[in-house]
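These notes are about the structure you will find just below.
Each reported figure results from applying straightforward, stated rules to the coordinates on display, with no laboratory input. Since the structure is predicted, the reported quantities are computational estimates derived from the model, not experimental observations. Using ideal geometry, Cβ is built from the backbone for each residue, glycine included, and neighbour counts are taken over all protein chains shown.
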Amino acid sequence: MKGTKYEKEWGRVVGPVTGVLILLVEVLLAASLCSAASNPAIPSIFEPESTPADSIYGLSLLVLAITGLIFVIVFGLLAYAVAKFHRRSDDGPEPPQVYGSNQIELAWTVIPVLIVLVLFMATARVIHAIQDARMPDGAIAVNVIGHQFWWEFRYPTLGIVTANELHVPVSDPSHPTPTFLKLLSADTDHSFWVPRLAGKTDLIPNRVNNMWIDPHEVGVYVGQCAQYCGMQHAKMLLRVYVDSREQFDQWVQEETKPAQSSDGVGEGRRIFETTACINCHTVSGTVADGRFGPDLTHLMSRDTIASGAAPNTPENLKMWIQDPDGIKPGSLMPAMKLNDHDLDALTAYLETLR
Ligand code: HEC
Ligand SMILES: [Cu+2]
């Protein structure tokens, strides 16, 4: 009869154990899906492409391993205790009660303290290595200014002003050309986060924060404002274009030219220059010198408009100028209420801003 009693008990345990196993398999599967994602549209911290992101990735693995081990041990002991000591019909007297064991108390104090110490020191090392890195010669400097709900990028040494799409050169580890970002805010708190390139750093009014990236592979890396900053926070997207050195130099050359004065769009230009547009937007070499909205001097060099909210196509441009809320409800650009003729002319002019 003994055999059947054991079988019954196993039956009770196997149910929960299978449940836990399925849960673990699911967690692992989700993790492997995240790490297998080579799609650039999925910004995964498990695919670092830059030194700060790399260090954070290493640290995350260490923390995951330690906490995972703790989870397995604690959960194993718990499952064991539940299985072995659950109430039975033939329960005898209470089990022995243990009070004031120095050994046990010492163990459960010292071991956690050691674990926390290891986690703390590993984290402090990574923070120090990232935050106290020196800006080497040849590094690119960019001032990043967070606005509701778009990003302004100013390259003080190159004389470039652009928005939402950051261009940086690829950084060969043997000849590093990192990009150092100085983070500022024009209004409220924002946070710059491109998971494959670096950790997130806030942009805070009246405060200067710094971060740097040294991307090892060319490509586009996406990110997003990671601090709730208002209505359109979710459409405050970020794109970092990591260019080869030649591509980057080419881009710099294009961006430092003043706005092209094209023929045939004089009417559109006149409409632009006599409308409130110029109070909020800059087009270098014209009367437009507003800084409330993105610099439009080289608008057409960007793939998207409105901080990644829409692809930069003529239709979207028109739709945007007519009714920004249609693309980004709550954006801080007013609907300009132009008639169809003016709108067409204006869009034709904007399309010459290469
Ligand atoms: C009151 C200020 C204001 C006025 C006036 C204004 N804009 Fe804007 N504009 C903005 C702001 C702010 C944004 C950024 C919105 C966002 O992405 O959330 C913007 C974005 C844009 C963009 C997208 C730029 C990009 O790279 O994402 C274009 C194009 C644009 N405006 C054109 C115009 C034109 C043309 C006019 C005049 C007909 C105009 N704007 C009038 C504030 C203004
Ligand atoms: Cu924001």
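Below, the figures for the structure above:
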{"read-out": "Gain on full stretching of the segment that runs from Ser261 to Lys182 - 0.36 nm per residue minus C-alpha separation", "value": "25.2 nm"}
{"read-out": "Crossing angle, helix 245-256 versus the chain [Cα axis fit, 0-90 degrees, rounded to tens]", "value": "50 degrees"}
{"read-out": "Region 263-350: C-alpha pair distances exceeding 23 Å, %", "value": "12 percent"}
{"read-out": "Stretchable slack from Asn209 to Thr67, in nm (0.36 nm times residue separation minus alpha-carbon distance)", "value": "48.0 nm"}
{"read-out": "Cα convex hull volume per residue for the chain (Å³)", "value": "209 Å³"}
{"read-out": "Calculated log₁₀ intensity ratio I(q)/I(0) where the Debye formula runs over C-alpha points of region 92-138, q = 0.20, 0.22, 0.29 Å⁻¹", "value": "-0.79, -0.84, -0.99"}
{"read-out": "With Cα atoms, 0 to 90° folded angle of helix 51-85 axis to the chain main axis", "value": "30 degrees"}
{"read-out": "GNM result for the chain, Cα springs below 10 Å: residue of Ser89, Ser60, Ser262 fluctuating most strongly", "value": "Ser89"}
{"read-out": "P(r) weight above 17 Å for region 179-251, C-alpha pairs, percent", "value": "47 percent"}
{"read-out": "Relative contact order (%) - criterion: Cα under 8 Å, at least six apart; region: the chain", "value": "15 percent"}
{"read-out": "Coarse-grained scattering of region 67-216 at q = 0.15, 0.17 Å⁻¹, given as base-10 log I(q)/I(0) from a Debye sum over alpha-carbon atoms", "value": "-0.89, -1.04"}
{"read-out": "Net charge dipole size for region 187-344 [Lys, Arg +1 and Asp, Glu -1 on Cβ; Debye, nearest 20]", "value": "440 debye"}
{"read-out": "Over region 51-126 - Rg/Rh using Cα atoms and the Kirkwood inverse-distance radius", "value": "1.19"}
{"read-out": "Region 212-306: C-alpha gyration tensor shape, a/c 1.5 cut-off, then a/b vs b/c", "value": "oblate"}
{"read-out": "Residues in region 225-252 that a label on Arg354 would reach, taking backbone N under 18 Å of a point 7 Å out along Cα→Cβ", "value": "247-252"}
{"read-out": "Between helix 2-36 and the chain: long-axis angle, C-alpha atoms, 0 to 90°, nearest 10", "value": "20 degrees"}
{"read-out": "Within the chain, helix-based [θ] at 222 nm, where runs of 4 or more DSSP H residues each add -39,500 (n - 2.57), nearest 500", "value": "-14000 deg cm²/dmol"}
{"read-out": "Calculated FRET value between Asp172 and Ile127, using beta carbons and R₀ = 25 Å, to 0.05", "value": "0.45"}
